[in-house]
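Chemist: Questions regarding the structure given below will be posed in turn.
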Amino acid sequence: KVLGDPEVLIILGGVGVGKTTFIHRFRKVIAAEDIQANCIWAYVDFNKYSDTGEQLLGWVVREICQSLDQSYPDIDLRSYSVLKQAYHLEYEQLKRGRLAPVFAKDPDEFEIQFASELKEYERLVDQHFVRLMRIVARQTERRPFLVFDNADQFSEGTQDEVFRIAQKFAKDLGCASVISLREESYWKNKEHGTLSAFHAVSYHVQSPRLRSVISKRFKFADKLLAESNKDFVDSEGNLVTAEELRGVMEKVARTLLANDSRYMELLEYLSPFEIRRPLEFLSRFLVSGHTNMDSLLKSYRRKSDITIGFHEFFTSIALGDREYYSEAASDIVN
């Protein structure tokens with residue numbers, strides 16, 4: 001149904017397990033055809049929100065409208081034709097009531113004055129948005145699908161307000177609202193917070209195997225380099241071909257993913273059940289000045305077989321761009 005029963009769905013998972021990735025994969029792969037044919041998908045990323053006093057409701061509505069403008073350029077949510085249909089009752093009341101003399105004398109002037117009346121209606125941000133979305137949903141025969149991502153990075157008060165907004169829009173529009181939350185935020189609010197007052201369906205996103213994720217990242221990097229026609233330079237400004245860089249990356253991948261499990265165990269122990277931070281550590285290792293990439297490049301050119309020592313891997317992660325270790329400055333404790 002275009003406008004049916006309200007549904008609030010909560011995507012649960014720890015920090016960096018891939019909740020956002022799951023949402024985008026659901027949109028673009030798993031349910032892509034169904035969403036494209038039957039839904040109006042609007043994505044709100046709270047990473048763009050600054051919790052510094054800006055009215056949250058107004059910001060959310062603007063983000064939804066911007067998302068719709070980008071994804072559905074043919075749907076002009078704020079066009080005069082949509083506005084006129086959304087406020088058809090008020091239009092008819094003015095035509096027969098206060099502005100009846102204007103309409104009788106000059107219908108075009110009546111349209112202009114009605115357009116001025118719309119400014120007052122737009123002040124009620126949430127009600128105005130709901131009216132417009134109802135019209136667009138009926139015109140397109142698609143059901144609104146609102147996604148609120150990364151709200152759990154803010155205070156409990158902000159999270160509660162986001163949940164209330166999602167719940168309100170789901171109820172007023174008869175649509176589905178999706179919210180991503182960390183498990184600790186969910187259970188804290190489930191027992192004593194806003195979530196305790198509403199019914200919502202929750203889905204848990206399980207953290208994928210880190211080894212599998214890193215393996216796929218290296219394969220993807222190799223694919224990009226294989227398709228690239230660009231050359232690169234080393235730390236001394238000397239030419240490095242894409243094929244040579246593929247060889248270096250292959251040596252790195254073989255070291256990290258081989259039988260010596262210490263490399264993967266270090267990443268897993270530093271960030272249990274996370275994916276984002278281990279990938280950040282891996283990136284730090286690749287660009288750290290403590291990682292001797294030049295030796296790997298020379299090894300590839302000489303067709304000799306050398307590997308990266310575990311001590312070098314650990315040092316690069318612990319120090320990053322610093323020359324000396326400081327527990328106060330490093331996210332690796334002593």
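The values are calculated or read from the model by the stated rules, or taken from the named source; none is laboratory data. Fair warning: this is a prediction, and the values are worked out from it, not measured in the lab. All Cβ positions, even for glycine, are placed from backbone atoms using ideal geometry, and neighbour counts span all protein chains on display. What goes into the accessible areas is simple: the full protein's heavy atoms, side chains included, and nothing from ligands, DNA or RNA. Shrake-Rupley method; radii C 1.70, N 1.55, O 1.52, S 1.80 Å.
Chemist: Inside segment 138-187, can you point out the residues that are aliphatic (A, V, I, L, M), in contact with a Phe, Trp or Tyr (Cβ under 6 Å, 6 or more places away or on another chain) and assigned to a helix (DSSP H, G or I)?
Modeler: Scanning segment 138-187 gives Ala151, Val162, Ala166.
Chemist: Consider Cys39 against the criteria (1) in contact with a Ser or Thr (Cβ under 7 Å, 6 or more places away or on another chain); (2) buried (at least 18 other Cβ atoms within 10 Å of the Cβ); (3) of a type outside the set (A, V, I, L, M): it satisfies all of them except one. Which criterion is unmet?
Modeler: In the conditions (1) in contact with a Ser or Thr (Cβ under 7 Å, 6 or more places away or on another chain); (2) buried (at least 18 other Cβ atoms within 10 Å of the Cβ); (3) of a type outside the set (A, V, I, L, M), Cys39 misses (1) alone.
Chemist: Could you list, in sequence order, the residues of segment 122-149 that are of a type outside the set (Lys, Arg) and open to solvent by 20 Å² or more (accessible area, probe 1.4 Å)?
Modeler: Of everything in segment 122-149, those that are of a type outside the set (Lys, Arg) and open to solvent by 20 Å² or more (accessible area, probe 1.4 Å) turn out to be Glu122, Leu124, Val125, Asp126, Gln127, His128, Ile135, Gln139, Thr140, Glu141, Phe145.
Chemist: Pull out all pairs, ordered by first then second residue, where Cβ-Cβ is under 7 Å, the residues are six or more apart or on different chains, the first lies in segment 8-28 and is closer than 25 Å to Lys168 by Cβ, and the second is among the β-branched types (Val, Ile, Thr) and in a helix (DSSP H, G or I).
Modeler: Within 7 Å, the pairs are Ile11/Ile23; Arg27/Ile35.
Chemist: Inside segment 55-80, can you point out the residues that are within 18 Å of Glu122 (Cβ to Cβ) and open to solvent by 70 Å² or more (accessible area, probe 1.4 Å)?
Modeler: Answer for segment 55-80, where residues must be within 18 Å of Glu122 (Cβ to Cβ) and open to solvent by 70 Å² or more (accessible area, probe 1.4 Å): Gln55, Arg62, Gln66, Asp76, Arg78, Tyr80.
Chemist: In addition: Could you check segment 150-174 and list, in sequence order, the residues that are touching a Pro at 6+ places or on another chain (Cβ under 9 Å) and open to solvent by less than 30 Å² (accessible area, probe 1.4 Å)?
Modeler: Matches in segment 150-174: Phe169, Ala170, Leu173, Gly174.
Chemist: Could you check, for segment 99-113, whether at least one of its residues is outside any helix (DSSP H, G or I), at pLDDT below 90 and open to solvent by 30 Å² or more (accessible area, probe 1.4 Å)?
Modeler: No, segment 99-113 contains no residue that is outside any helix (DSSP H, G or I), at pLDDT below 90 and open to solvent by 30 Å² or more (accessible area, probe 1.4 Å).
Chemist: Something else: Just for helices (runs of 4 or more DSSP H) wholly inside segment 275-334: which have at least 2 residues that are surrounded by fewer than 18 Cβ atoms within 10 Å (Cβ to Cβ) and touching a His at 6+ places or on another chain (Cβ under 8 Å)?
Modeler: 310-319
Chemist: Can you pull out the residues in segment 217-241 that are in contact (Cβ under 8 Å) with a residue 24 or more places away in the chain and open to solvent by less than 50 Å² (accessible area, probe 1.4 Å)?
Modeler: Listed by number, the residues that qualify are Phe218, Ala221, Leu225, Asp234, Val240.
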